Structure formats: C-alpha cells, structure tokens
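These notes concern the structure reproduced below.
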Ligand code: HXC
C-alpha cells in the first residue's frame, strides 16, 4: 500500500478513536454541562501543544460480553503538553466510553503517563470523570487502582500532582486525588464519594442526592478534600493555570521568578489591626499589604476559614503563607485548621518554598467536641510540620499569641529562622481575663469590690505579659518592629536564608501524627 494511503488510513483510525463513546454519549456529556475529555485537555494546555500517546490501546476483557465491545482508547486520554511553555504530563478519563470506568488497559495508560511524569520531573495533571473500577474486569481494575495509588505516593513531594474532578469519582477511585497535592472541583459537575447514594439507601435506608453527599460545595466547605472551587470548567482551568505560576515543577527546581512589584497603596498596613484587641480584622489585608502587587492566591478558601493559607510572591519569588484569621473563631487552631496548616507547611517544605507565618490567635479551641474529635492528635500535626520543615521560616506575631498557639504557629522553639513581633503583640500563656481569674482568684473573691479588683488584676497581668517585650527580653523574638517595616524585614530575611543549611538526624522517616 502506498504511503499516502497508509497515512489516510491512520487519519481515519485516529478520527474514529477520537470520537470516544460516539455521538450519542457525547451529546449526553454536553447536556450535563460537561466538556469532553479531549476538549478539556486542549483547553487546559497551551495551544497546539498536546501530544497524545496510546490512542490505539484496546482492552483485553472477555467476560460479560466485553469481547464484543470496542472501547476507544479504553476510556482515557494520556499525553504531554505545555502550560505557560513548560512541559506537563496529563490524563483525562473519557466518561463517554464505558463511563470512564477503569479497566486494566485504562489503568496501564494512566500508569505510563505517571511514570513518565516522575521520570521527567514534570507535574502530573489527572482529570477524573469515571464510574470507578470497571465492574466487568474484576480484580484487574482493583490492581490498576493499586498501581496508581502506589505511584501517587512515590511521586508525592517529588513532582506536583494535580487532580481535577470533572464528573463522578466514585468508590476507591477517590483515593488517587486524595493522595495528590491539589484537588480542583466544579459546582454541579464534581462528585466524590466512597459509597454512592444507592448503597447508602440499601445499607442505611437513608436517601441523599449525589450533590449533597459529595458535590463540589461539600468538598470545598465541609470535608476539605478540595483545594479549589469553581463555578465552571473554564474557571477551573484558569485556576489551575494560575496555581502553576506559583509552584516549582519538581522538588529540584524553583518556581519561575517574576518581576517584583510593590504592594498596592490601598493596603495600609498600619491601619489594619484595630486598637481594641477584641475586634476582628481580615488577615488577608495584612498579607496583601506585604506581598508583591498585593496578589495573594488562597488555597482551601472555603474550608477551615479560621486559618488562611496560600501563595504570594516576595521580590518575585513564591512564598507560602500560613496565617490565623481573626475574622473567624478569633483565628483559633482546631481540628480542621490544624490539618489545613500542617499539610500546607509540608507541601512548602517538600518543594523548597519559604514559609511566612502571621500569628494572631487565642490558642487551641476548647470544648468537648474538639477534644473528642481529636484536637490533640490533629493539633500535634502543626507542631510536627513546623519542626520538621527545613525551608526558610519567618514568623510575624501581629497580636495575640497565647499558650499552645504561640508555640505551634512557627515559634522560635520550633526553629523559625526569624521571629518578629509588632508592638501590638501579646505573648502569654493565656488571655489576661482568663489568667487574672485563675491566678488572682483568692484576691478577687475576697475583695470588697470583686469586679473592681478583677479589673485591676487583669490590667496588672496585661502590663506584665500582654506585650512583646518579655519575649523580646529572652530572645524568643528577634525584633519588635513597626508594621510598616514588615515587608522590608521579610525580604531581608528571605535573602539571608537563601543558603540556609541545616542537618537533621539520620532516620528512615519520622512518624507524624497522621
Ligand atoms: C463499568 C460502568 C461503570 C463501572 C458506569 N459504567 N460505571 N461500566 N464499570 N464502574 C457504564 C454504565 O454501564 C453505562 O454504560 C455508562 O458507563 C454510563 O453510565 P450511566 O450509569 O448511564 O451514567 P450516569 O447515569 O451518569 O451515572 C454515573 C454513575 C453510575 C453515578 C457513575 O454509572 C454509577 O453509579 N456507576 C457505578 C459507580 C460505582 O459504584 N463504581 C464502582 C465503585 S467500586 P452504557 O454501556 O450503558 O453506556 C470501586 C472500587 C475501587 O471503584 C477500589 C479501589 C481501591
């Protein structure tokens, strides 16, 4: 056969396979407000950069009439391309082909691109839209998932792994995204759950919709499984592209440095923290008054809002911010906010991103609910993550730093490299009211005017401890600074810490309070 004809045949074969599950299935996909797998890949990557592999892979299943079924590409697209001119590996499950279910060959394709990503030290992006393990292929499907989970784990902390949930992600399939660094969800489209509504109805007799069980809002607001929430697939792709500007391509590289910009003038750092220590403020305003161009890219914005985490740039280079949010629950550490902070600290440490901590919290949240939910175990994660992190660590105490909260939030004692405090800082075992009530109980209860005595004792305690100077006198903080000096001191510290070199005792690995 002449080459020309062979090329024609190749083109025809390509076209056939690229139709996925066929017109009807594609129409159904579109009717659900979803893009097709191929459209998603093309939209996310730079124009004309996508190179596909394993297009002609076919399944080998024979049971349950599978030998009579043609599943184009076995329900998944894999390949490489670029984002902002830099290479990435990608897979996208095609729901139009057998519900994007994962059979043996489907999993082998994903495994191939995962191995490629790790070998080439480039990010892996997985677009999930699947009914889970392909039921007809039995243990082969389970084996496929196991191989994927193994690779997610081995790649963790080496290359960035990003999961995009654009359809169902059911059963054990959820564990691959859960093992990756960032999970993106889209309203009305993303569904993640271990057991679906039908199983729940059968086993527990409870009726619940897929949306209420594991929709985008559930995972962005309640479970914390998702890191980014979008209203549409297009918005989601823009979020992914933005994230990619902040993160390094592997643990051996740095994020791309961009031109430095001053913070916007509208964020006046001296005016953010109210004079009355009982009044809240938005810590994001402080971040924006410090970072380049006042641009802060928040992560897990809708979950555990008493902790704010995300990326900003200092002199053009990415930094991770870990900040108490006085606007919500006075910025306390609780089960969820501890998990949120600890995981992000470990991310920054794995990828050599300096950590800036802004402190204003009255401590760990008291109460039976928190104790029984394991605030001891979860809270310990923050201590572990800060202690273990060897990247440059800068801490600024803005206002309250009480009790365990003072220690946990990147204190000198957990090896922060630089600790600064504003003159508004109050560093003490607990708040003046509580402290005075306990240590001066006798004086207060036996006084002629207990309320007057209480006020005096609170004031006495405040004078003694509710300031930064006792900690400064011990060298626990390096400098008491004016708020307006914060950016320049942080820039200076980051520069000084560039060649930071510390060694840890040899061990296989630690045992964090998972
Ligand atoms: C084989 C599947 C499938 C699966 C869907 N399909 N899921 N085929 N294995 N797991 C097929 C359907 O038969 C159908 O084929 C096509 O995909 C589209 O599915 P529909 O049901 O028509 O779509 P929809 O109504 O949108 O419902 C989507 C769904 C539902 C909610 C995902 O299909 C569903 O509940 N699927 C099963 C989910 C599940 O329980 N998976 C197993 C989880 S256990 P046709 O030919 O009709 O177009 C698991 C274990 C992994 O994953 C453990 C790893 C540790």
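General remarks:
- Every residue from the stretch 181-204 that is buried (at least 20 other Cβ atoms within 10 Å of the Cβ), within 15 Å of the ligand (Cβ to nearest atom) and assigned to a loop (DSSP other than H, G, I, E, B): 189, 190
- Among the candidates 363, 374, 410, residue that is on the phi > 0 side of the Ramachandran plot, without any contact (Cβ under 8 Å) to a residue 60 or more places away in the chain and touching a helix residue (DSSP H, G or I) at 6+ places or on another chain (Cβ under 7 Å): 374
- Taking the stretch 20-54 as the range and being more than 12 Å from the ligand (Cβ to nearest atom), out of contact with any strand residue (DSSP E or B) (no Cβ under 8 Å at 6 or more places or on another chain) and assigned to a loop (DSSP other than H, G, I, E, B) as the test, the residues that pass are 33, 36, 47, 48.
- Test: residue in the stretch 51-67 that is without any contact (Cβ under 8 Å) to a residue 40 or more places away in the chain and surrounded by 13 or more Cβ atoms within 10 Å (Cβ to Cβ): yes
- Condition met for residue 285 (more than 17 Å from residue 382 (Cβ to Cβ), in contact with a strand residue (DSSP E or B) (Cβ under 6 Å, 6 or more places away or on another chain) and without any contact (Cβ under 8 Å) to a residue 40 or more places away in the chain): no
- Listing of strands (runs of 3 or more DSSP E) fully contained in the stretch 77-179 that carry 3 or more residues being buried (at least 24 other Cβ atoms within 10 Å of the Cβ) and within 13 Å of the ligand (Cβ to nearest atom): 124-130, 161-170
- Test result for residue 424, closer than 24 Å to residue 488 by Cβ, surrounded by fewer than 20 Cβ atoms within 10 Å (Cβ to Cβ) and either at pLDDT below 95 or touching a strand residue (DSSP E or B) at 6+ places or on another chain (Cβ under 9 Å) (or both): yes
- Residue among 286, 322 that alone is buried (at least 22 other Cβ atoms within 10 Å of the Cβ) and in a helix (DSSP H, G or I): 286
The values are calculated or read from the model by the stated rules, or taken from the named source; none is laboratory data. Just so we're clear, the structure is a prediction, and the values are computed from it rather than from any experiment. Cβ coordinates were reconstructed from backbone atoms using ideal geometry, including for glycine residues, and neighbour counts include every protein chain displayed.
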